[in-house]
1. For segment 52-169, which fully contained strands (runs of 3 or more DSSP E) count at least 1 residues that are within 25 Å of Lys205 (Cβ to Cβ) and not small (Gly, Ala, Ser)?
2. Any residue that is without any contact (Cβ under 8 Å) to a residue 40 or more places away in the chain and either within 18 Å of Thr182 (Cβ to Cβ) or surrounded by fewer than 21 Cβ atoms within 10 Å (Cβ to Cβ) (or both) - is there at least one of those in segment 280-291?
3. Scan segment 251-267 and report the pairs whose first residue is without any contact (Cβ under 8 Å) to a residue 40 or more places away in the chain and whose second residue is of a type in the set (A, V, I, L, M), with Cβ atoms within less than 6 Å and a gap of 6+ or a chain change.
4. Can you run down the residue pairs with Cβ atoms below 7 Å, 6 or more apart or on separate chains, where the first is in segment 321-336 and more than 21 Å from Ser266 (Cβ to Cβ) and the partner is open to solvent by 50 Å² or more (accessible area, probe 1.4 Å) and outside any helix (DSSP H, G or I)?
5. In segment 227-275, which residues are closer than 21 Å to Glu20 by Cα, open to solvent by 40 Å² or more (accessible area, probe 1.4 Å) and among the aliphatic types (A, V, I, L, M)?
6. With in a helix (DSSP H, G or I), under 21 Å from Arg204 (Cβ atoms) and of a type in the set (S, T, N, Q) as the only criterion, which of Thr338, Thr321, Thr328, Thr275 stands out?
7. Which members of segment 146-181 meet the condition of being under 19 Å from Tyr97 (Cβ atoms) and among the aliphatic types (A, V, I, L, M)?
8. Residue under question is Ala294, and the condition is that it be surrounded by 20 or more Cβ atoms within 10 Å (Cβ to Cβ) and part of a strand (DSSP E or B); does it hold?
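The values are calculated or read from the model by the stated rules, or taken from the named source; none is laboratory data. Keep in mind that this is a model prediction, so the values were computed, not measured. Because the Cβ atoms are built from the backbone with ideal geometry, glycine has one as well, and the counts that use them run over all protein chains shown. We work out accessible area using only protein heavy atoms, side chains counted, and drop any ligands, DNA or RNA first. Shrake-Rupley method; radii C 1.70, N 1.55, O 1.52, S 1.80 Å.
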Amino acid sequence: MIKKINVLQFICPTGFYGAERWVLALAKHLDPQQVNCELAVTMEPNQKDLELVKEYKKLSLPCHIVPMKNKFDLSTINRLVTLIKDQKIDIIHTHGYKSDILGVMAARKAGIKCIVTPHGFENAKDIKLRLFIWAGCQAMKYGDYVVPLSQQLMADCKRMKVKQEKTVYIQNGVDLSEVEGTPVPARQNPEEKRIGFVGQMISRKNIYDLLDVFDSVHKKHPNTRLILLGDGDARQGLEEYAQSLASKDFIEFLGFRDDRLSLLKSFDLFAMTSTLEGIPRCLMEAAAANIPVAAYDIPGIDQIIKHQETGLLAPLGEKQTLQAHWETLLFDSQHASTLANQAKEYVYQHYSANRMADEYQALFTKSLGQG
C-alpha cells in the first residue's frame, strides 16, 4: 500500500496574487486520500494578515505561520526544519525567489525532497532586487525537480542552466469553478466602457503603457473608464503619474479586493501591457469569464491569446497598435464576442486545475520513488 504523501507548500506572500491563488487551486484539487497538502507562509514584522491563510483555512487544511525578524531572516531555515520534522513532511514545494532560497536549504538540512515551481522571472532594474533574484535562481538549481508553468519559463530555466533531467513541464491551471460561481454584477452605467487590469503593480507589468493607452483612448471616447485591481511597489508612482493625465478622473486604483472576480466580470475589456510573464492567472480568469483581451505579444501571454483567434495582440511597446485593438474590442461587439468565446473554450480545454493537480500528484509520487 502506498502511504499518504505529506507535502508542504511554502511561499513568502506579498499579497494575494497569481502565485498565492495558484497554491490555493493546487491544494484544492489534489486528492486528499493520497496527498496531505499543508501550507507554510512567512510573516514579517508589521505584515498584515494574509488573505492566502484565510482562504487556505477554508479548505480545512493545516496552515503554519513562520515568523521572520526581517525581510531575509536566515534563522527561518531552522524554523522550517523544525516544522518539517514535527509535521513529518515528505516534500517541500516552493514558490518565489525567497521561498526557493529558504526552502531548498531547509529541505537539504531536513533530508527531504524539494520541488520548485517558478511563477515568473522579474526583469527588475533595482540592483539589490536583481541580486536577490539571481540568488533565488541559483537556489532553484538545487531542488530535486524544477517545474515551470509555461514553455517560456522552461526556456528560461534552460538558459539558467537548470539540469534537463531535473526539469518537468506541468502547464499552468486555474480554478475555473471559482470563476463560474461568481455572478455578473449589475452595471451602474451600462453605456460606459470599462477597461480592466488585475495583478501586481510591479515593473514587469509595465502599467505606465496601460495608462498611456487609456489616456489616448479616453480623449477619443470620453465614456470609458480604467479600473486597476492590485497592489505593489510601483503603485504610488503609477497613481502620481495617473494624476498628470487628462483622463485622471476616469482612472480608479482599487487595490486588493475580495470581489475581484465580480469586478472582472464587469469589464468590457481586459488589458495587459506586461514585458515579461509566465502564464498569467489573471489572463486565464479573464478568458474563463468571457472577457475579451488585448495585450502585448510576449511569451506566456501568447500561450493563451492567439491573435485574431482568442484575442488581439500588439508587438511589445507599440502603443498605437494596442490602442487600435482596444477600440476594436470595445466598439465591435460581434468581433469581441467571437474572440472572447473562443478564448473561454480554449482555457477550459487546456488550463483546468484538475489536470494540473493530477500531474503534480504523479510527480510527488515519482519523487519519493513510489511510482
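1. Because the criterion is at least 1 residues that are within 25 Å of Lys205 (Cβ to Cβ) and not small (Gly, Ala, Ser), the strands (runs of 3 or more DSSP E) in segment 52-169 that meet it are 91-95, 113-116.
2. So in segment 280-291, the residues without any contact (Cβ under 8 Å) to a residue 40 or more places away in the chain come out as 283.
When the remaining residues are screened for being either within 18 Å of Thr182 (Cβ to Cβ) or surrounded by fewer than 21 Cβ atoms within 10 Å (Cβ to Cβ) (or both), the result is 283.
Yes, segment 280-291 has at least one match.
3. Partner pairs satisfying both residue conditions: Glu252/Ile227; Phe253/Leu228; Leu254/Leu229; Arg257/Leu229.
4. Thr321/Pro315
5. Selection gives Leu254 alone.
6. Thr321
7. Passing the criteria: Val146, Val147, Leu149, Leu153, Met154, Ala155, Met160, Val162.
8. Working: surrounded by 20 or more Cβ atoms within 10 Å (Cβ to Cβ): yes; part of a strand (DSSP E or B): yes.
The answer is yes for Ala294.
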